[in-house]
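First the structure, in the form of structure tokens, and then the observations on it.
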Amino acid sequence: MIAGSPARTRCPGALVSAIRAATAQHRDWPGTARLVAGELRRHLPGPDILTEAERAGDPDGYQCHVLHAEPDGSFSVTAMVWRPGQITPVHDHVTWCVFGVLQGIEYEELYALSADGQFLVDVGRNENVTGEVSGFAPPGDIHRVRNAGYGVAISMHVYGADITRLGSSVRRVYDLPTAVPAAG
């Protein structure tokens, strides 16, 4: 959920400029995600990009704070704050996404949609630690993220769209049974 009124920018200028230069190369979504991930790795800020109150999180659910929305709608930057036990639904995205962990550990469960569309296939898990940067692009971006640790986790997310206009980066939430692929 997006918290508060979106600011046009609260992001370090060097990071915004680097993302702008990467997206201006007009690569396909996976290529853009790789370029932006490289820039986020070089310019990853600390958790103090958020106020003390924002870093505390909300007991009612994880929070999304908009840090930058590019005027032409080509990207936006958010900070997600997760208290212990908070989790997203299984979902995919409307566009490419790059994330970097600023504090704590985020656990990610990865899924694929079965050929018949009737269930999700469990395809992996990631433990993303402080300083780690990664990204993805649709299709193949079905996942669920949680804070399974004991402290607050904070991550920065860069999306290839202005989520202040869209309301969310989520394209679809999946409420399907999960199957583990057969060993072969």
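Would you confirm, using the coordinates I've provided, whether Glu109 is open to solvent by 10 Å² or more (accessible area, probe 1.4 Å) and either within 22 Å of Leu166 (Cβ to Cβ) or under 16 Å from the mean Cα position of the chain (by Cα) (or both)?
Against the criterion (open to solvent by 10 Å² or more (accessible area, probe 1.4 Å) and either within 22 Å of Leu166 (Cβ to Cβ) or under 16 Å from the mean Cα position of the chain (by Cα) (or both)), Glu109 qualifies.
Can you name the residue in region 10-39 that is out of contact with any His (no Cβ under 9 Å at 6 or more places or on another chain) and part of a loop (DSSP other than H, G, I, E, B) and, of all such residues, is most open to solvent (accessible area, probe 1.4 Å)?
Residue satisfying both the conditions and the ranking: His26.
Pull out all pairs, ordered by first then second residue, where Cβ-Cβ is under 7 Å, the residues are six or more apart or on different chains, the first lies in region 78-89 and is within 12 Å of Val152 (Cα to Cα), and the second is open to solvent by 60 Å² or more (accessible area, probe 1.4 Å).
Note: pairs meeting the criteria are Val81/Arg55; Arg83/Pro59; Pro84/Tyr150; Gln86/Arg146.
Going by the structure shown, is Val158 in contact with a helix residue (DSSP H, G or I) (Cβ under 9 Å, 6 or more places away or on another chain) and either open to solvent by less than 10 Å² (accessible area, probe 1.4 Å) or outside any loop (DSSP other than H, G, I, E, B) (or both)?
Criteria met by Val158.
When residues of region 80-97 are filtered for being in contact with a Ser or Thr (Cβ under 7 Å, 6 or more places away or on another chain) and assigned to a strand (DSSP E or B), how many remain?
Of the residues in region 80-97, 3 are in contact with a Ser or Thr (Cβ under 7 Å, 6 or more places away or on another chain) and assigned to a strand (DSSP E or B).
Which of the residues that make up region 126-162 are β-branched (Val, Ile, Thr) and within 20 Å of Val90 (Cα to Cα)?
Ile142, Val145, Ile154, Val158
The values are calculated or read from the model by the stated rules, or taken from the named source; none is laboratory data. Small disclaimer: the values here were computed from a predicted structure and weren't measured. Glycine gets a Cβ as well: all are built from the backbone with ideal geometry, and neighbour counts include every protein chain shown. All accessible areas refer to the heavy atoms of the entire protein, side chains included, with ligands and DNA or RNA removed. Shrake-Rupley method; radii C 1.70, N 1.55, O 1.52, S 1.80 Å.
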